[in-house]
Amino acid sequence: MSNGLLQRVARDFSRHSRRYESRAFLQQLVAGRLRERLDLFRLEPGWILDLGCGTGSESHHLRRRYRRARTCALDLSEGMLQRLREGLPRWSARIHPVCADAARLPLPDDLFDLVWSNLALQWCSDLEQVIAELHRTLRPGGLLLFTTFGPDTLKEIRQAWSGVDGRRHVLDFPDMHEVGDLLRRKGFGEVVMDVDRITLTYPDPARAMAEIREIGASYKGPGAAGLTTPRRFGAFLEAWEEMRDREGRLPCSYEVVYGQAWAEAPREREAGVPLDRIGRRRNRG
């Protein structure tokens, strides 16, 4: 993803950061289900990465769950991180906000025991590079636990637009098999992938589109449709209106992909990582 597009995505999320939590019902629902999966593991992490931390709700949860761990709360949006900082206790030294691109983590190798990422990977255009970076920064034997969107996400919007023009109006999301294969190629083992389908309903198109925008999900990437005409937008709305359910509400479907994977076999680890290593990285040959 070019620097210009990265800046645009960051601006979109920053612009909606103050209202994000009130609109992030889906993120909160999925985070709760991801926590249930985390319950299955007996972990004592020293360092945690919350990738795509947003306003920090899950960083705080991880801080409470693992009271001896330090959490790197990383997000592309400075606006989101500012909301996180506003909610940090003054005496807290266990959450470290970092503004960075997931494809180029400014972090040292073999740092994290746990990488947690809830509904963030779908915004990464170079998923292969992101996964390589996560493998680089995970300690051997560390756990990657994440959610992302699958290809049936927002299928109603995609279908409604398909009869109007041939342009792309919704992001293309990889399926869970593609993501699982990519994890294996990048050195992860014991990969487990599964999927959940969630449908949210809305009284009208304006409410649905507003919620999608408020959570920063308006970016469509290279080749996407630009400005559309009122006639075409009206045709899209008409097609979507025909999909109302028995209660008269408009559906928005989300295919949520859950994944877990372990970094390569454990080897001798460092006893600890000093704080001054945060912000430094080295490349593996």
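Each reported figure results from applying straightforward, stated rules to the coordinates on display, with no laboratory input. On a predicted model such as this, the values are computed, not experimentally measured, just so you know. Neighbour counts are summed over all protein chains in view; Cβ atoms, including those assigned to glycine, are modelled from backbone coordinates with ideal geometry.
Miscellaneous remarks
- Built amide H within the under 5 Å cut-off of L114, gap 5+: W47, L49, L143
- Using θ = phi - 60° in the Karplus curve 6.51 cos²θ - 1.76 cosθ + 1.60, the 3J(HN,Hα) couplings for region 141-147 round to x, x, 10, 9, 10, 8, 10 Hz; x is entered for Gly and Pro.
- Rg/Rh, computed from the Cα trace of region 154-196 with Rh as the Kirkwood radius, has the value 1.19.
- Whether region 87-134 is rounded, prolate or oblate, judged on the alpha carbon gyration tensor where a/c under 1.5 counts as rounded: prolate
- Cα pair distances exceeding 19 angstrom across region 86-212, given as percent: 60 percent
- Dipole magnitude of region 68-116 about its Cα centre (Cβ charges: Lys, Arg +1; Asp, Glu -1), debye to nearest 20: 320 debye
- With only the Cα atoms considered, region 45-132 has a convex hull volume of 87 Å³ per residue.
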